[in-house]
Amino acid sequence: MEIPKEDLNAVKNRLSRAHGQLGGIIRMVEEGRECTDVLTQLAAAQAAISRAAFALIASGFANCAQDDSGKTDRAKLEKAFLSLS
């Protein structure tokens, strides 16, 4: 998939933040922090990952949705978008 370097960097930055959030969540669980606090952070990490996935799909829209012949494959694109939910 051909995606502009600046778009890939933005996706990598989002994923790095999510990675850091997950480390923090693990520490929270190990420390026995309140369930609601852990769930709030899990939701934030999940949202960060979803935003990264959306950015990747949106940036690579033309390539993500192409079949082997180079034509847009609507079913393939729909499957990619549905994987975000």
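No lab work stands behind these numbers, since they all come straight from the coordinates. Quick caveat, the model's predicted, so the values are computed rather than measured. Neighbour counts are summed over all protein chains in view; Cβ atoms, including those assigned to glycine, are modelled from backbone coordinates with ideal geometry.
What does the charge count around Ala48 come to, taking other residues whose C-beta lies under 15 Å from its C-beta (Lys +1, Arg +1, Asp -1, Glu -1)? Residues near Ala48 contribute +4 overall. By the count of neighbouring beta-carbon atoms within 10 Å, fewest first, Asp37, Asp73, Asp68 end up ordered Asp68, Asp37, Asp73.
For the chain, the gyration tensor built on C-alpha atoms gives a prolate shape. Its axis ratio a/c (a ≥ b ≥ c) is at least 1.5, and a/b is the larger of a/b and b/c. Short-range pairs are left out: with C-alpha atoms under 8 Å and at least six residues apart, the relative contact order of the chain is 34 percent. Helical runs (DSSP H, four residues minimum) scored at -39500 (n - 2.57) apiece and divided by the length of the chain put the mean residue ellipticity at 222 nm at -25500 deg cm²/dmol.
The gain in end-to-end length when the Asn9 to Arg33 segment is fully stretched comes to 5.3 nm, 0.36 nm per residue minus the alpha carbon separation.
When the GluC sites (Glu not before Pro) in segment 7-66 are filtered for DSSP coil states and for at most 14 other beta-carbon atoms within 10 Å of their beta-carbon, the remaining sites are Glu34. For segment 1-63, trypsin sites (Lys or Arg not before Pro) are listed when DSSP marks them as loop and at most 14 other Cβ atoms sit within 10 Å of their Cβ; the list is Arg33. 3J(HN,Hα) couplings calculated from phi for segment 42-50 with the Karplus curve 6.51 cos²θ - 1.76 cosθ + 1.60 (θ = phi - 60°) are, in sequence order, 4, 5, 5, 5, 4, 5, 5, 5, 5 Hz; Gly and Pro show x. In the chain, the longest principal axis of the Cα atoms and the axis of helix 5-31 are about 30 degrees apart. Taking the Cα centre of segment 5-60 as origin and assigning +1 to Lys and Arg Cβ atoms and -1 to Asp and Glu Cβ atoms, the resulting dipole is close to 240 debye. In the chain, a dipole from Cβ-located charges (positive for Lys and Arg, negative for Asp and Glu) runs towards its positive end, and of Met28, Ala75, Ala43 it is Ala75 whose Cα lies farthest in that direction.
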